Amino acid sequence: MSPGPVLPSVEGMIEATELTKRYGDKTAVDRLTFAVRPGRVTGFLGPNGAGKSTTMRLILGLDAPSSGRVTIGGRRYADLAAPLRAVGSLLDAKGVHGGRSAYQHLAGLAASNNIPRRRVEEVLDLVGLPPATARRRAKGFSLGMGQRLGIAAALIGDPEVLILDEPVNGLDTEGIRWIRDLMRSLAAEGRTVFLSSHLMSEMELTAEHLIVIGRGRLIADTTTHDFITANSRAHTLVRSPRPERLRALLEARGATVALAATGALRVEGPDPAVIGDLARDHGLAIHELTPARSSLEEVYTALSQDATEYRAAAQHPEEARR
Amino acid sequence: MTTPTPARAGYPQAFTYEWIKFRSVRSTVWTTLATALAPVVGAVFVAATGSLRADDTVLGGSLTLSVVAQMLAAVVGALLVTGEYGSGTLRTTFTANPRRATVLGAKATLIASVMYAVGLLSCTVAFLLGDALLPSGKYAQGEPFPALFGVAGCFAVAGLLGLAVGTLVRHSAGAVTTVIGLLLLPSLFGPLFGDARRWVAGVSPTAALEKLTQTSDATADAVGSLGPWPSLWLVAGYTAVLLLTAAGVLRRRDT
C-alpha cells in the first residue's frame, strides 16, 4: 500500500518477498511481501492462526520457507555472522529452561555470540531484574519476570533489529506500559522494532506502522493512523427517548443506522449537526450526540470477520452462490 | 553499535555456550555424576561380596558396572538435545547460532570429552579400588593399559550415540528408551539368533566395552572373536554415520 520513503541503506530492514510456508496441504503463510523499516515500531496484526508466529520463525531461520525469501539488512538470518548482535528475538515465554538461572541463560547467550559477560548485568539492570532474582532458577519466575528475562535475552547483543512475538501477552498493566515505553525508546534510537500482538488497543498505542495479515495473506501495510482512517468509518452515537422514530427519519434520509451495544444508535452518513437539526425539526428530544470513529479494535474485528466469511465462502462456494 | 570484541558466532562460541548449558541444568549434571559413580560402586560391591568368578580378571571384575555407566553416558548424550526440545530452548539456541551442524558439533565435542574424562577417571579409580580390595594373587590381573583408554573411548562413543538418537527422536523418554534398547537388546536377544549370536551381540557398544575390560563374560561365543580395539572402531564407525545422519536431519528440519 503506502511504500514509504526509500531509505539509502537497507541496514536493519526486514524484507519479505513472496514469502510462503506450507505444512502439508495447509498454507500458513501465503506469498507475503512486506518491509519493516528502522526507526519506528511496526505492529504485526492478525487473528489467531493468521500466520504471525510462522512468519517470525521464517524470519529467524527456524523454519525454512516453501518458497520466497526473507532477509534482514539484505541477508538471510542463517548468514548473519553473529545473529544476536544484529537481531534480538522473543518468540514465546518457553525459550528458557526452567532449571537454569536467568543469569546462566543470559551468560550462555552472551558466550554464543562473543558478547562480553558484563553485558549480562547491563541487560538485567535494563529490564529491572534484581541480581538476587537472576541467580534463582527460572522455573519460579512469575509471568512478568519471565517476560523481562525474555526481553533481556533479546537485548543481550544490543541488536539493531528486535522481533517480538506477543511480548505483552499475559502481562499486567504496569508490565504492558513498561514494554510499550521500552519499544518506543528502542525505535527512537533508530532500531527496527517488529512486534506482534492480538491486543489491538495496545497496537494502536504502541505501533506507528502496521502490517496486517489474515490467513497468511497481507491485508494491509500502512501507518496505524492511515489504517484507522481508511478503514474506520466516522459515525455518530445518538441517544433519544424515541429511537425507533428517529431511526426511521434518519434512514429515510439515507443514513445507515445500527443499534450499538450501549443501546445508542450508531449513525453513519449525516454529521451530528444534521442529525440534531433533523430531531429538532420533528420535535424529538436528543440525550446524546457523540461523534466517533471506530477504534482499531473494531476495524480489525471487522477485517477478521471478512476473512472468516471469505474462508467459509471458499469452503462452501455453492452455498455462498445461493 | 560498535563492540570491542569481534562479532562472531562460530564453533568455539557454540562450545562455550553448550558448556554453560550443560553445567547449569540438574538433569545432565546428576546423570553425569551417576555415570562416574557406577563403576566405583561396582568395584566395591564385587570386592565386598566376593562374587568374582575364578576365571575372571581383577580389571574385568572391578569394572562390572561399567556397562551400566556406559548406558548412563548415552542417556546424558540424549538429554543434551532432547532437554532442549522439551523446554523449547532449541529455538533460542538456533537463533543464537543458526549453523545447526556447528551446534551439533559443539554438543558432540562436549559429550565426547566429558564422557571420555569421566570414563577414564572413574574406571581407573574403580580398577585401583578393586585391585586393593580383592585378595591378591587369586585372580589374573588383566591388562589395564592401554585398555582403560579404550574403556573411556566406549563412554565417549556411547554419549555420541545418545546424542545422535536424541537428535533423531527429539523426545527425552523416547530417546532414552531407544538408546538403552540399542545398548541392551543385542546382548539380551543375541542368544535367540543361535550361531549368529556373536554377530548380533558382538556389534553392540556394550560388547566392545566388555572386551576391553577383559571380563570373563566376553567370550568369543557370546560377543564374537573381533578384537577389543577393532570392536571399538566398529562402534565408533556406525556412531559417526548415525551422527552425520542426525546432522543432516537437523539441518533440514523446522524447529
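The values are calculated or read from the model by the stated rules, or taken from the named source; none is laboratory data. Computed from a predicted structure; not experimentally measured. Counting neighbours? That spans all protein chains shown, and the Cβs are built from the backbone with ideal geometry, glycine included.
A few points about this structure:
- Test for residue B:92: is it in contact (Cβ under 8 Å) with a residue 24 or more places away in the chain and either among the polar types (S, T, N, Q) or crowded, with 24+ Cβ neighbours inside 10 Å (or both): no
- Where residue A:128 falls short, out of the listed (1) at positive phi; (2) in contact with a Gly (Cβ under 7 Å, 6 or more places away or on another chain): (2)
- Those residues of segment B:199-213 which are in contact with a helix residue (DSSP H, G or I) (Cβ under 6 Å, 6 or more places away or on another chain) and either touching a residue at least 60 places away in the same chain (Cβ under 8 Å) or part of a helix (DSSP H, G or I) (or both), in sequence order: B:200, B:201, B:202, B:205, B:206, B:207, B:208, B:209, B:211, B:212, B:213
- Verdict on residue B:193 being surrounded by fewer than 22 Cβ atoms within 10 Å (Cβ to Cβ), modelled with pLDDT under 95 and either within 14 Å of another protein chain (Cβ to nearest Cβ) or touching a Phe, Trp or Tyr at 6+ places or on another chain (Cβ under 8 Å) (or both): yes
- Among the residues of segment A:1-51, those that are closer than 19 Å to residue A:69 by Cα, at pLDDT 95 or above and not in a strand (DSSP E or B) comprise A:13, A:37.
- Residue within segment B:21-39 that is free of Cβ contacts under 8 Å to residues at least 40 places away in the same chain, closer than 24 Å to residue B:208 by Cα and more than 9 Å from chain A (Cβ to nearest Cβ) present: yes
- Scanning segment A:30-83 for residues that are surrounded by fewer than 19 Cβ atoms within 10 Å (Cβ to Cβ) and within 14 Å of another protein chain (Cβ to nearest Cβ) yields A:64, A:66, A:71, A:73, A:75, A:76, A:78, A:79, A:81.
- In the set B:69, B:47, only one residue is under 25 Å from residue B:161 (Cα atoms), surrounded by 18 or more Cβ atoms within 10 Å (Cβ to Cβ) and more than 14 Å from chain A (Cβ to nearest Cβ); that residue is B:69.
- Residue list for segment B:214-255, filter: under 20 Å from residue B:192 (Cβ atoms) and not in a loop (DSSP other than H, G, I, E, B): B:220, B:221, B:222, B:223
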